[in-house]
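A quick write-up on the structure given underneath.
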Amino acid sequence: MTKRIIAFSILSLTIIFASSQSNIKDQAMVEKKSFGKLIDGTEVFSYTLKNAKGMEAKIITYGATVVSLTAPDKNGKFADVVLGYDNIEGYVADKAFFGAIVGRYGNRIGKGKFKLEGKEYQTSINDGENSLHGGFQGFNKKLWTITGYESTNSGSSLTLKYISKDGEEGFPGTVEITVVYKLTNDDELAINYTATTDKTTILNPTNHSYFNLTGDPKNTILDHELMIDADNFTPVDSKLITTGKIISVTNTPMDFRKAKKVGKDIEADYEQLKFGGGYDHNWVINKHKENVSKCAEVYEPKSGRILEVLTNEPGVQFYCGNFLNGVTGKNGIKYEKRTGLCLETQCYPDTPNKPEWPTVVLTPDKVYHQTTIYKFSAK
């Protein structure tokens, strides 16, 4: 049986949930601490999930953000494999979406406009002439409420909720979204999303973690070996908006069906790579039937770390940090171009304006569900 301890509102209090077995060092746990205060005095908390094998995932209530994630290398040495900041001030000022849950709409909406039930909506324009990841104050800039956290024999978990009001950033309907992070004893960070709305709307949330499996973001991710199980991708125009076409990756630098180094073709003379300054595209996952299945794998040869990505989403956006420009991150390290990569599971970009693509429409009689799993191992 799992013991639970009620969290009291004491700033310095650290709360640990552990299995009632005697040796708690070998059990999954959840640890709560203060992560600082917002400018209005509201306190932000961090919750560190720990599994029985020593992995840790730290999540803060601001943006439901993964601020650190440790994983072992082939020698069993743990290191933090995601980019982020040391303090809340970094996340408040952040423009790279490090580790956050983004929404309502992950990725881009062309000119921020879409029609729904005959009515046109204008969302915030925060990326050139487009809307990106929900606008200026999307899910990543909101304080989420903790509704539960626990440890069990299978791992530790944290449940966060946010209510996005009708009209927020131009999106219709009041949406209530719940995200459950679970760090399993199989070295998986599972993310489960559930949402409802009181008015027809669109919803396409995703997690925006930047991974560097070397454990040292002074290194680039160009030698990481990536496989994406996708025969096709959705090309973009010069504004990085999908054209509406779905084209084959065959004989293009976009072919990751067999694992290859991220840097192998990244500088190829190929229009799509020039538009994005490198990879910043959506791949159409093979055999998608709304079941959770593997869509991508990353291997880092020196550390031996492996990251597998599983999802029930139809697409995965591979972004290789083309726009990182020396922002100071954790431990004072400057994150330069291509020092982190994202594998954002989602529906295709600008889907509201491509009705023939998998829908992102959520109606009051439906419940939104999504599962994404980041699974770690080493060899």
Going residue by residue through segment 79-93, is there one that turns out to be in contact (Cβ under 8 Å) with a residue 40 or more places away in the chain, of a type outside the set (A, V, I, L, M, F, W, C) and within 19 Å of GLU176 (Cβ to Cβ)? no
LEU158 meets each of (1) without any contact (Cβ under 8 Å) to a residue 40 or more places away in the chain; (2) within 23 Å of ASN51 (Cα to Cα); (3) hydrophobic (A, V, I, L, M, F, W, C) with one exception, condition (1)
Got a number for residues in segment 170-198 being among the charged types (D, E, K, R) and buried (at least 22 other Cβ atoms within 10 Å of the Cβ)? 1
Which condition number does SER151 fail, the rest of (1) surrounded by fewer than 20 Cβ atoms within 10 Å (Cβ to Cβ); (2) of a type outside the set (D, E, K, R); (3) assigned to a strand (DSSP E or B) being met? (1)
Taking segment 298-319 and keeping only residues that are buried (at least 17 other Cβ atoms within 10 Å of the Cβ) and either free of Cβ contacts under 8 Å to residues at least 24 places away in the same chain or out of contact with any Cys (no Cβ under 8 Å at 6 or more places or on another chain) (or both), one is left with VAL298, TYR299, GLU300, SER303, ARG305, ILE306, LEU307, GLU308, ASN312
Answer yes or no: is there a residue in segment 211-227 that is crowded, with 23+ Cβ neighbours inside 10 Å, touching a strand residue (DSSP E or B) at 6+ places or on another chain (Cβ under 7 Å) and closer than 23 Å to GLU356 by Cα. no
Among the candidates ALA259, ALA268, residue that is surrounded by fewer than 17 Cβ atoms within 10 Å (Cβ to Cβ) and more than 23 Å from the chain's Cα centre (by Cα): ALA268
Could you tell me whether ASN353 is modelled with pLDDT of 95 or more, farther than 17 Å from TYR210 by Cβ and under 17 Å from the mean Cα position of the chain (by Cα)? no
Can you pull out the residues in segment 166-186 that are without any contact (Cβ under 8 Å) to a residue 24 or more places away in the chain and part of a loop (DSSP other than H, G, I, E, B)? GLY167
With the requirement that a residue be more than 25 Å from TYR368 (Cα to Cα) and among the hydroxyl-bearing types (Ser, Thr, Tyr), what does segment 66-119 give you? SER68, THR70, TYR85, TYR91
Could you tell me whether any residue of segment 27-38 is outside any strand (DSSP E or B) and either modelled with pLDDT of 95 or more or in contact with a His (Cβ under 7 Å, 6 or more places away or on another chain) (or both)? yes
Single residue of segment 362-379 satisfying the filter (of a type in the set (A, V, I, L, M, F, W, C) and in a strand (DSSP E or B)) that is farthest from GLU56 (Cα to Cα): LEU362
On the basis of being hydroxyl-bearing (Ser, Thr, Tyr) and crowded, with 23+ Cβ neighbours inside 10 Å, does TYR279 make the cut? yes
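The values are calculated or read from the model by the stated rules, or taken from the named source; none is laboratory data. Fair warning: this is a prediction, and the values are worked out from it, not measured in the lab. No Cβ is skipped: glycine too gets one built from the backbone with ideal geometry, and neighbour counts run over all protein chains shown.
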